[in-house]
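Notes to accompany the following structure.
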Amino acid sequence: MNLNTAKNFIVRNAFLCAAAIVMTSCGTATINKTGSDAQIEGLRSFHLAFIDEFAVPRKRFNAAAFEARVNEGNTKFQQTIANEKFTARRPVLIDLKAQFDADAAHLRSKASHGKVTPALATEMKKDVNKIYDHALGR
Amino acid sequence: MPSDDKPKRKKPRKKSELDSALDQVGDESVVAATKEFQDLLAQAKGDTTELIRQNAEELERRLILLKQRKIDKEDFDYFVENQKRDLRVFIDSQPAQAQERAEKLTLHLLGMAATKIAPLLLAMI
């Protein structure tokens, strides 16, 4: 093998390695993002179900059940934030947790005073869906 | 062409349920604020930016829900605060020269709705 052929061989292999690294990392990012999207969808379902459970006009407020559900939500959000591999998503998850906290505080105040209005659940869910859609870049 | 000779009249804006309610305001001290709000709302609803338009439509819908007592003032204020949080990110991402206009058609509009229009609608019930 002369010097030129050897050089070409090294350059070609280096290029192939670089291309393989780029392709693999893109694949990993896609997998991470897909998994992260699924986590966010899971949080959305929980958040919507929470509103459906407690934003019901004239329903007797069960403080213990309410706090249990809030604690369950807090754990879910904290775990998702801690396990998030797609680091760019962490601030978004923190924003979603802040929305959950705000919704829980609003619902606690309304439901405990028997002041849940007829359109509250629909309107809250509308805002929740909007913020999750933004979080998913839709 | 004959049609070009006719003076062009501006097509009157179709009155919404909210406009009809606000037009009943007789108190001189609030008429100016109500008019300013209606003009801003119409401007926002016709804006080319989707988020500004959506915010205006959503705001109008919720003012109607408030008037119909399907939500109360507490709920209304809560939704306004949610909306403001969401819009702040959008405004900050706009070019500096567009920020003032975007702020006027979103945050200022929401502020007026919460402090002037909502109490007015509740007093009319």
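Things worth noting here:
- Residues within segment A:52-71 that are touching a residue at least 24 places away in the same chain (Cβ under 8 Å) and either within 29 Å of residue A:34 (Cβ to Cβ) or part of a helix (DSSP H, G or I) (or both), tallied: 5
- Selection of segment A:91-130 for residues being within 10 Å of chain B (Cβ to nearest Cβ), part of a loop (DSSP other than H, G, I, E, B) and surrounded by fewer than 18 Cβ atoms within 10 Å (Cβ to Cβ) yields A:113, A:115, A:118.
- Close pairs from segment A:126-138: first in contact (Cβ under 8 Å) with a residue 60 or more places away in the chain, partner polar (S, T, N, Q) and assigned to a helix (DSSP H, G or I), Cβ under 8 Å, at least 6 apart: A:128/A:99
- The test for being among the aliphatic types (A, V, I, L, M), assigned to a helix (DSSP H, G or I) and at pLDDT below 95 holds for residue A:19.
- Of the candidates B:74, B:28, B:50, B:58, the single residue that is free of Cβ contacts under 8 Å to residues at least 24 places away in the same chain, among the charged types (D, E, K, R) and closer than 30 Å to residue A:114 by Cα is B:74.
- Any hit, segment B:16-25, residues being at pLDDT below 95 and loosely packed, with under 11 Cβ neighbours inside 10 Å: yes
- Evaluation of residue A:137 against (1) within 24 Å of residue A:36 (Cβ to Cβ); (2) surrounded by 14 or more Cβ atoms within 10 Å (Cβ to Cβ); (3) within 14 Å of chain B (Cβ to nearest Cβ) (one fails), failing number: (2)
The values are calculated or read from the model by the stated rules, or taken from the named source; none is laboratory data. Small disclaimer: the values here were computed from a predicted structure and weren't measured. FYI the Cβ positions are ideal-geometry reconstructions off the backbone, even for glycines, and counts take in every protein chain you see.
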